[in-house]
Each structure stands twice: as structure tokens, then as C-alpha cells.
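Quick notes on the structure that follows.
The values are calculated or read from the model by the stated rules, or taken from the named source; none is laboratory data. The structure displayed is predicted, hence computed values, not measured ones. Here the Cβ positions follow ideal geometry from the backbone for every residue, glycine too, while neighbour counts run over all protein chains shown. Each accessible area value is taken on the protein alone, full model and side chains, heavy atoms only, with ligands, DNA and RNA left out. Shrake-Rupley method; radii C 1.70, N 1.55, O 1.52, S 1.80 Å.
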Amino acid sequence: MKRPELLNKDPWLEGFSEIINRRFKQYQDRKSDLIKRYGSLKDFASAYQFYGLHREAGGWIFREYAPNATKIFLIGDFSNWEERDEYALKSIDFGNWEVQLDHALLKHGDLFKMKVHWNGGSGERIPAYVTRVVQDDETKIFSAQVWEPEQKYELKRPHVGLGNKSPFIYEAHIGMGTEEEKVGSYSEFMEKVLPRIKGLGYNVIQFMAIQEHPYYGSFGYHVSNFFASSSRFGTPEELKALIDAAHEMGISVIMDIVHSHAVKNEAEGIGNLDGSGYLYFHDGDRREHPAWDSLCFNYGSEETLKFLMSNCRYWIDEMGFDGYRFDGVTSMIYYNHGLEIAFTSYDDYYNGGQDEHALVYLALANEVIHDVFPGAITVAEEMSGLPGLAYNVNEGGYGFDFRLAMGIPDFWIKMIKEQADENWNVGLMFHELSNHRAEERTINYVESHDQALVGDKTILFRLVDKDMYWHMHKGSESLVVERGMALHKMIRLITASTISGGYLNFMGNEFGHPEWIDFPREGNNWSYKYARRQWNLVDNPDLRFEWLNEFDKDLISMLAAEDDFDKSFAGVHACNEGDQVLIYQRKDLVFAFNFNPTRSYSDYGIKVESGKYKIVLNSDSKKYGGFGNVDENILYYTSGSGDENDSKHWLRLYLPARTAFVLRKL
């Protein structure tokens, strides 16, 4: 076996080479075995084409994997919800059950379930591979639904890849995308929110909570039906139309996919589908997640691998998604789910506390995803820092394209809460924002949905607090709001411009959405007040939110237009902790920050390539609610250093207090 290239990327890994080699061999052996028996990983990940309900030329065919079952019936509208012989499944082979039905016995829109019998019991169950599940408005009961519309939506442009562009991701939730206090729909999002995303310049949308989940307030994390798009937002056809509309705008669409755990509900989910309790999950002590009140998948089971890898293929092949953000990866790869572990030593990655079956699954999943769509985007939500997670599978990594830089939002919150403005350390900032494993691409972000969930605050809310409610009118005077807006723009600019992969924003945060996220629940009398987005705030020309939105638009549009932006770094020109000044260059763009709250600097000199430079983005511009202290129309010319052997020349800048701007070399 060849030596994994991952070992050559970090000398600290050499002491763990035996473990890394073993894990690499486990992946290779599992892959070889699956290819030998199924032909390819793609063929292995095609179980959704076999299981579930399908319409064929001769009628309908339904299959389910339930090795512990003794009898299975389809029940539903068509059988008056009774067990009838014509709807009885037959055991065929290896735990598989099947029934073939005449066309007339089922029709589009029929509700159905399985009635599963096992030794010692029975129960109504929703099929594991079902692609449509609906909830009764009165009884609140979930049922599978026959979905065979006369006019199926055909994707006009199945996929959009990034090419050589860095991903600028707009994280969104369909249900809370509406202004009204209700659950928004796929169609409303397409009509009202999608044009905003396009206008802001983002080139990727990340949809949360797409997989069906019984409890809306779970934010989509307690998934019950892995192949079904949430019907509370609309139909599969409407979701496809939304994805197609994004593709027509040149925007890639990825999904937050939850393969780290599953809902415990037996009637709605797959936790006890055939009476065994361990069909796709662990048995015994490892069955339940100690913190999430959910079930943990058994990644060592071939049927679990088939189920999850088929799920990865399904959403790309059938629904047009362009990739995934994998939720809860840390929980998947550690026996203790990463709980109460600081991960301060490499030993924490190789001490035997890792589920190596989960690591093999992640590598196989990434490989099949990129086999189905080579331009796919995969992002790992992982906080431990496991080496190789976002590195080539064939070189000892686990194949993700990117990993979330989860320490950055925590850093900003800590800085805002604990440090006075005059103590903000620009060297520490730059270190935290750029301290990534060189071989792995990361997604920087100031805040995601996590920072806005009930009990927490968005960045602007932390900066402005109660003044958010009283002084966001453009004519209102408030030093608190002026400070907060200035820092909000600077924080977003420095976070987005130091990427070594991509950047992410949660919807509404681009304009400093004032309030938190709280889904309807018993504790708030089932209110939707905080499970929505107040677009009227950014649309109101009398409010300052418009200025923040315009800054975000120009920032993202500028960076997203650059080819290979995340791979370029021309160097740091100034990092003066006493002055609180940081200046660095990416390609032909020079980013200058003065975080000092009171001191401005004239003729601040840095050495750059000779030529002329022009400001292309200025946080202090009046169009963004600033004071306009910098003349954006002048050209900056370099002057010689006095050393004929020095290729770099001096560029002298005026840096107003608490201001950042970007210059482009012309």
C-alpha cells in the first residue's frame, strides 16, 4: 500500500502514521469490496431506485428492507387503512419484501403506510425510502403519499459548478424566509428571496431543514424521512423549480444534510421500522445520542452505508442539488460525540476514541457525491480539527472540499464581549482568521444560524444592543449605533477577505437582522414572531439597515468576481498592534484596516508593487452610512523606496479611525 500523501503535509502526523495507514486501508478495502460486488460505488448508492414505491409499465411496485419482519401490508386510503391480501408484501430475499400492484389500486395523492408485523408485536410505519410525506392538519399524523403528478417537473439546468470561483454561501431556511408570521414556501422563497441573493452576489445557496422532520422547531435536525423534502414548504415539484431558478441565475444550491443522527420517533421515522430497533442504528449503549435525544447510525453496517450513500446520490441526481453541508460531523467520528473535549492534542484524533467506520463512510460518501457530480461542493461542519477531513480521499483524507472554520464566530463574540475597542489586537485577529491547515480549504463566517438562535444574539445586536430598537433611523444620532455599524462592516470585510476557501452568511445577517431566531414551541405559545425575516427593515429607505445591505452587496460582488481568490495571498504589508492597523494583499486587491477607535493616520506607508491604486470599497463611504472621510475618487501613486534594487515602492494612505477600505492596482 502506498504511503498516504497526508503524512507528508504535516510532520506532527508521522507519530500516528500506523493509525492513519490503517484507516486508509480500511477505506480502500471497503471500497474495493463494494465495487467488486456492485460494480461501482455509484451503483451501490442506487438503493432508492430499488426500494420504495415506483410506477412501472405494468403497474406499481413497492419494496422495503425489513429483515426482522414476519408480515408487511400496505395500508392507506385505498384499503380504508385495513390490512388486505392484495396489498400484502412477499418476502423475496435477504430481508427484502415486495408487492406488485395494478395501476388502478393506487393513484397520485393517496396516503399510505406499512403495517409491519414482527415476533411479539406490530406497528404502522412510514417506508424508509419514501420520497413524499405529509401531515394531516387536524390529527397531526404523518403519512407517506403517492407522488406521481401528471406533469413532473423536469430540471432545465441540472447542476451549476463553481469552476475557479470561491464559494460565497448564503445560508437560508425556507420556512422562515417570509415576512409574515407563518411557514414560508418554496415558491415564495423563489419569488421573494432568491432575487435578493442574486442581487447580493452570492454564488451558492445552502438550504437548511429540507429533509422531512416531524418537529418544525428542531430546525430540521431531527430528520424522520431522509429522501423526502419537507412538505410543510410545498411539493417536490416546487422545490425543483426553486433549484432550477437558482441554477438559471448561475447559483449553486447545496443542502444541509443530516447523517449524524435521526429522530427517535417510531411512527414517523425509521428507528424501529421492523421491530428490531437496530436496523440502521446501533444497539445497546451506543443507540441514543446523550445530548441530542436522537438515534445514532451504525456506519459499520452495509445496509446503513447503502441507505446513507444512496441518500447522497438521490438529492443530487433526482432533485438537482449541487452538494451538501454535512451536519454534526464531529458527533459522527468520535465515540463520545466530541462532547466536553477541548481537542488540544493530536492524541485526541488517534487515541482509539474515533469511530473508524464513520470515517470510512465519510470518505465513501464524498467519493460517490463527486462521482455523481464532479463539480459538487461538500462542506464539513466539524469542530475538532481532525487532520485530513478536507483533503483528497486517495491521499489519506476524507474528501470534503471545505470545512467550516467554526472557531471564527466564537472569536468575534469573545472579542466583542471581553475586549475594549482600544485593546482589539489586529495580530490576533489575522492569526485567528487565517490559521487553517494549509492543505485544507475552509469556510470563514462571522455568524451562521447558530449565533442567532434563541438565547444568543447576532453580531450587530451584540454591538448595538437596545439602541437597535430606537436609533436605526438614518436621522437619529447614536454613538453606539455608529460604532456598531462601523465594526459590523469591518468585521465582515476582514472575515470575507481572509478566506482560504469560502465565506458564509446566514440570511438577514447581511443587513444586521435585529432579532434572534426562535421557532414556534410551547414555551413561546407557538409563535412565529421570531421564525421569519423582517425584509421590510432593509427595504425601508429611512433605516440604516439599507446601508449595511449595500455594503454586503458590494463586498460579496467584488470578491466573488475574482478567479481563485481563496488561493491567492500576496502577503501582509502592515500588522501594527500598537496602531491597530492591518494591511494585506490578495491578488491586485489591497485591504487596509484601522481598528483604532480614536486615532486616524496620515501618509501611512506600506511597500507594494509600483503603480497606481484606486479605492474600490470603503466602509466609511456615505453610501454605507459612513462619514465619507476618505476621497474615493483620487488615484494613489507609488513612490520609489530610494533603493534601486528594491522592486517594491511606497504607497502612502490616509487611514481614518475605525475604517477599512480596499484598493485595486490598476
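Solvent exposure of ARG37, expressed as accessible area, is near 120 Å², computed with a probe of 1.4 Å over the protein chains only. The convex hull defined by the C-alpha atoms of region 448-547 has an orientation-averaged projected area of 7.0 nm².
On a per residue basis, region 246-298 carries 33 Å² of accessible surface, using protein heavy atoms and a 1.4 Å probe.
Listed by chain and number, the lysines whose C-alpha is less than 26 Å from the C-alpha of LYS2, apart from same-chain residues fewer than 8 away, are LYS25, LYS31, LYS36, LYS42. Summing +1 for each Lys or Arg and -1 for each Asp or Glu among the other residues whose beta-carbon sits under 11 angstrom from that of GLU180 gives +2. Dividing the convex hull volume of the alpha-carbon atoms in region 499-624 by its residue count gives 178 Å³ per residue.
The mean of 1/r over all distinct Cα pairs in region 613-652, once inverted, gives the Kirkwood hydrodynamic radius of 12.0 Å.
At a probe radius of 1.4 angstrom, the accessible area of region 1-123 per residue rounds to 53 square angstrom.
With distances taken between every two different alpha-carbon atoms, region 222-287 has a Kirkwood hydrodynamic radius of 14.2 Å. Within the chain, antiparallel bridges make up roughly 75 percent of the DSSP beta bridges whose residues both belong there. Computed from backbone phi with θ = phi - 60° and the Karplus coefficients 6.51, -1.76 and 1.60, the 3J(HN,Hα) list for region 257-274 is 9, 10, 10, 8, 5, 8, 4, 7, 3, 7, 6, 9, x, 10, x, 9, 4, 10 Hz; x is used for glycine and proline.
Carbon-plus-sulfur accessible fraction, region 279-327 (probe radius 1.4 Å, protein heavy atoms only): 35%. Which value does Rg/Rh take for region 62-139 over its C-alpha atoms, Rh per Kirkwood? Expressed as Rg/Rh, it is 0.95. Within the accessible area of region 490-616, the carbon and sulfur atoms contribute 42%, probe 1.4 Å, all protein chains present.
Distance between the 7 Å Cα→Cβ label points at ILE141 and GLU56: 3.0 nm. Checking the cross-link pairs LYS90/LYS306; LYS90/LYS115; LYS587/LYS607; LYS417/LYS622; LYS71/LYS306 against a 25 Å limit on the alpha carbon distance flags LYS417/LYS622 as lying beyond it. With the largest listed first and rounded to whole Å, the semi-axes of the equivalent ellipsoid of region 42-197 from the Cα gyration tensor are 35, 21, 16.
FRET efficiency for the ASN8 to ASN80 pair, using the beta carbon distance and R₀ = 60 Å, is estimated at 0.35. Annotation: amide H of ARG586 within the under-5 Å range of ALA570, PHE591, sequence separation 5 or more or interchain, hydrogens built in the peptide plane. Considered as an equivalent ellipsoid built on the Cα gyration tensor, the chain has semi-axes of 48, 29, 21 Å, the largest given first.
Each of ARG196, ARG22 has its accessible area taken with a 1.4 Å probe; listed largest first, they run ARG22, ARG196. Net charge in the neighbourhood of ILE606 (other residues with Cβ under 10 Å of its Cβ; Lys, Arg +1, Asp, Glu -1) is +3. With all protein chains present, how much of the accessible area of region 16-123 (probe radius 1.4 Å) comes from carbon and sulfur, to the nearest whole percent? Summing carbon and sulfur atoms, their accessible area is 46 percent of the total for region 16-123. Calculated [222 nm] ellipticity per residue, helices only, for the chain: -7000 deg cm²/dmol; basis is -39500 (n - 2.57) per DSSP H run with n ≥ 4, divided by all residues, nearest 500. In straight-distance terms, cross-link reach from LYS665 covers every one of the aspartates and glutamates whose alpha-carbon lies under 19 Å from its own, apart from those fewer than eight places away in the same chain; here that gives ASP554, GLU562, ASP563, ASP564, ASP566, ASP588, ASP603, GLU609, ASP631, GLU632, ASP646. 3J(HN,Hα) along region 607-614: 9, 9, 5, 5, x, 10, 10, 9 Hz, from the Karplus curve 6.51 cos²θ - 1.76 cosθ + 1.60 with θ = phi - 60°, whole Hz, x for Gly and Pro. Per residue, region 597-666 exposes an accessible area of 53 Å² to a 1.4 Å probe, with every protein chain left in place. Of all lysines in the structure, the ones whose alpha carbon falls short of 26 Å from that of LYS529, not counting any fewer than 8 places away in one chain, are LYS140, LYS182, LYS192, LYS457, LYS466, LYS474. At full extension, ASP631 and SER600 could sit 9.7 nm farther apart than now, given 0.36 nm per residue minus the alpha carbon distance. Over all pairs of different C-alpha atoms, region 556-666 has a mean inverse distance whose reciprocal, the Kirkwood radius, equals 14.5 Å.
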